[in-house]
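Okay, structure first, notes after.
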Amino acid sequence: MSLTSVNKLENNTVELVVSVSEEQFQDALNKAYKKKVKSIALPGFRKGKAPKAMIEKMYGKEFFYDDAINMVYPSAYEAAVEEANIEPVDRANVSDLQVEQGKGFSFKATVTVKPEVTVKNYKGIKAEKTVETIMAADVNAELDRMRERNSRLTNVERAAKNGDTALINFEGFKEGVAFEGGKGENFPLVLGSGQFIPGFEEQVVGHAAGDEFDVNVTFPEDYHAEDLKGQPVVFKVKVNAVQEKELPALDDEFAKDVSEFDTLAELKKDVKERLQKEADNKAQVDMENSLITTVIENMEGDIPQCMYDNKINEMVNDFSYRLQSQGMSLDLYLHYTGSDMKSFRETFQESAERQVKIRLALEKIAEVESLTATPEEIDAEYEKIAKNYGIDVSRVKGVLPEKEVIKDVTVNKAIDLVKDSAEVTEKKVKKTASKSKKKAEEAPAENAEEASADEE
């Protein structure tokens with residue numbers, strides 16, 4: 001293989017003219033012959049035994065060309081890319097394929113390459129880290145959520161109200177005809193939750209167990225079922241039972257039931273520490289995201305659309321892989337969500353653009369700063385990837401080239417460089433100061449001191 005010429009075109013594209021020697025081509029032709037001859041039968045020869053020259057005489061010299069070219073092209077193209085010292089970001093467009101007797105063949109490969117970018121002022125970025133201080137109200141709110149999770153439903157002999165769960169039988173009719181998917185039995189409908197279409201739950205409120213009645217509603221214009229969009233329907237409804245949520249008492253017994261602690265005071269302390277840790281972690285992530293946003297804002301360069309499209313492809317494939325691990329296909333997911341592939345891909349657009357820009361900016365910083373990866377760091381990165389996907393390290397090494405892993409390591413080092421050099425000021429705020437104050441005012445005497453202490 002020889003690289004005849006390298007021509008830089010517009011829009012981050014490069015044209016490679018590649019020549020393959022007659023020796024390489026003939027070797028590929030012989031391999032193509034051995035592969036195809038097994039299925040070829042010529043008069044006077046047993047199947048699979050016809051000489052190459054006879055096959056070419058009957059079917060033409062070009063008979064084996066396609067197979068031979070396909071054998072040689074990948075390695076020839078890769079060698080040309082390496083010699084040209086370019087980094088393709090999309091599949092090449094091959095043209096002007098020419099075969100000359102006694103001279104092998106040549107082709108043109110036009111490919112989009114990684115854009116050249118510049119990043120300015122990535123050191124010493126000023127950023128603010130806002131750390132929220134957890135208040136008594138935040139702890140109480142979390143305890144309320146824990147009580148909700150540990151609540152139980154009990155039947156009540158009264159009319160249903162918002163917040164209750166109504167066990168209902170229902171069947172929907174459009175113009176007097178039952179429609180598909182509009183029937184259910186003993187369905188637990190949480191009133192006020194918005195589970196059903198607008199207007200349905202409101203008409204169940206006020207009814208008690210044993211009541212049978214009609215619910216008149218109109219499906220939204222954007223409903224996923226075409227035959228029901230904007231259509232008025234009638235549901236025949238029967239209330240089998242009305243249930244209200246019974247919350248457990250907030251005491252030491254509750255603490256023992258839901259945690260490893262023996263007292264409510266210990267549980268509260270643990271909850272506060274956990275919430276504070278979460279708030280601190282969020283503050284750190286938000287600050288780092290702010291730094292990265294500044295970095296990409298300081299980056300200049302024309303980014304090819306194909307890089308965004310390829311990133312979206314990766315994100316869609318990853319999403320599909322995770323769905324499959326849960327026993328669901330992407331097609332089924334799209335069906336249930338009433339979406340299509342075009343609109344589904346659009347949901348990744350913004351994130352894909354940001355990720356591509358971040359990667360380009362950080363790779364440039366790594367290049368400028370001459371950041372490298374040690375063998376130990378490379379092995380650790382392979383281990384991390386394998387763990388994330390739940391597969392063996394050897395499998396990861398088989399599909400992911402080391403040079404890509406080195407890039408990942410150096411990119412992470414570039415992130416650390418940006419963070420370590422940043423000028424960060426910390427600002428502490430009370431997460432829910434107003435709510436906390438109100439809680440302290442309403443709290444019983446034994447809790448007032450604790451709430452007041454958190455305010456300080």
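Here, each number is a calculation from the coordinates, and none is a lab measurement. Every value quoted in this text rests on a predicted model; they were computed, and no experiment measured them. Cβ coordinates were reconstructed from backbone atoms using ideal geometry, including for glycine residues, and neighbour counts include every protein chain displayed.
Going Cα to Cα from Lys384, which lysines come in below 27 Å? Please leave out same-chain ones fewer than 8 positions away. Partners found: Lys114, Lys277, Lys282, Lys311, Lys357, Lys364, Lys397, Lys403, Lys407, Lys413, Lys419.
Let me know the charge dipole size of the stretch 22-174 about its Cα centre in debye, to the nearest 20, where only the beta-carbon of Lys, Arg (+1) and Asp, Glu (-1) is charged. Walk me through the numbers on the way to the answer.
On the way: 26 positive and 24 negative charges, 168 e Å.
That gives a dipole near 800 debye.
Can you tally the net charge around Asp227? Count Lys and Arg as +1, Asp and Glu as -1, for every other residue whose Cβ sits under 12 Å from the Cβ of Asp227. All intermediate terms of the calculation are to be shown ahead of the outcome.
Working: positive: Lys174, Lys229; negative: Glu175, Glu180, Glu226.
Taking every Cβ under 12 Å from that of Asp227, the sum is -1.
In order along the stretch 262-267, the Karplus-derived 3J(HN,Hα) couplings, from 6.51 cos²θ - 1.76 cosθ + 1.60 at θ = phi - 60°, round to 9, 10, 5, 4, 5, 4 Hz, and Gly and Pro are given as x. Under 28 Å Cα to Cα from Lys238, which lysines show up? Leave out anything in the same chain fewer than 8 places away. Correct list for Lys238: Lys161, Lys174, Lys183, Lys229. Assign one of three labels to the stretch 260-427, namely rounded, prolate or oblate, based on the Cα gyration tensor with a ≥ b ≥ c the square roots of its eigenvalues; rounded applies when a/c is under 1.5, prolate when it is not and a/b is larger than b/c, and oblate otherwise. Rounded. Couplings 3J(HN,Hα) of the stretch 128-139, computed from phi: 10, 10, 9, 9, 7, 8, 6, 10, 4, 4, 5, 5 Hz, in residue order, whole Hz [Karplus 6.51 cos²θ - 1.76 cosθ + 1.60, θ = phi - 60°; x for Gly and Pro].
Spin-label model, Asn169 to Ser370: label points 7 Å out along the Cα-to-beta-carbon direction sit 8.1 nm apart.
Taking amide H as placed 1.01 Å from N in the peptide plane, Lys430 has its amide H under 5 Å from the amide H of Thr133, each at least 5 places away in sequence or on another chain.
Just subtract the alpha-carbon distance of Lys387 and Met341 from 0.36 nm times their residue separation and send over the number in nm, one decimal.
Between Lys387 and Met341, full extension yields an extra 13.6 nm.
If R₀ is 45 angstrom, what is the calculated FRET efficiency for the pair Lys103 and Val285, using the beta carbon separation as r and rounding to 0.05?
Values: r = 60 Å, r/R0 = 1.33.
After rounding, the FRET efficiency stands at 0.15.
Near the amide H of Ala208, within less than 5 Å, lie the amide hydrogens of Ala160, all on another chain or at least 5 residues away, with H placed in the peptide plane.
Normalised by 2.2 N^0.38 Å, where N counts its residues, the alpha-carbon radius of gyration of the chain equals 1.49.
When DSSP assigns beta bridges and you keep just the ones with both residues in the chain, what percent turn out antiparallel, to the nearest 5?
Rounded to the nearest five, the antiparallel share is 85 percent.
Counting only residues at least eight positions apart within a chain, or on another chain, the aspartates and glutamates with an alpha carbon under 19 Å from that of Lys236 are Glu171, Glu175, Glu180, Glu185, Glu201, Glu202, Asp211, Glu212, Asp214. What the Cα atoms of the stretch 237-325 give is an Rg and a Dmax of 24.4, 65 Å. Amide H contacts for Val89 (H built 1.01 Å from N in the peptide plane; partners 5 or more residues away or on another chain; cut-off under 5 Å): Thr112, Val113, Lys114. Electrostatic bookkeeping for Thr337 treats Lys and Arg as +1 and Asp and Glu as -1; over the other residues with beta carbon under 14 Å from its beta carbon, the sum is -2. Restricting attention to the stretch 1-81, which chymotrypsin sites (Phe, Trp or Tyr not before Pro) occupy a DSSP loop and are surrounded by at most 16 other Cβ atoms within 10 Å? Of the chymotrypsin sites (Phe, Trp or Tyr not before Pro), the ones in loops of the stretch 1-81 whose Cβ has at most 16 other Cβ atoms within 10 Å are Phe45.
If you take all other residues with their beta carbon under 11 Å from the beta carbon of Ser151, and give Lys and Arg +1 and Asp and Glu -1, the sum is +1.
Shown here for the stretch 228-291: GluC sites (Glu not before Pro) in loop regions (DSSP other than H, G, I, E, B) with at most 12 other Cβ atoms within 10 Å, namely Glu260. The HN-Hα couplings worked out from phi for the stretch 33-44 by the Karplus form 6.51 cos²θ - 1.76 cosθ + 1.60 (θ = phi - 60°) are 4, 4, 6, 8, 4, 4, 9, 10, 10, 10, x, x Hz, whole numbers, x standing for Gly and Pro. The GluC sites (Glu not before Pro) of the stretch 300-387 include none that meets both criteria, a DSSP state outside H, G, I, E and B (loop) and at most 12 other C-beta atoms within 10 angstrom of the site's C-beta. Note on the chain: with charges restricted to the Cβ of Lys and Arg (+1) and Asp and Glu (-1), its dipole about the Cα centre is near 2260 debye.
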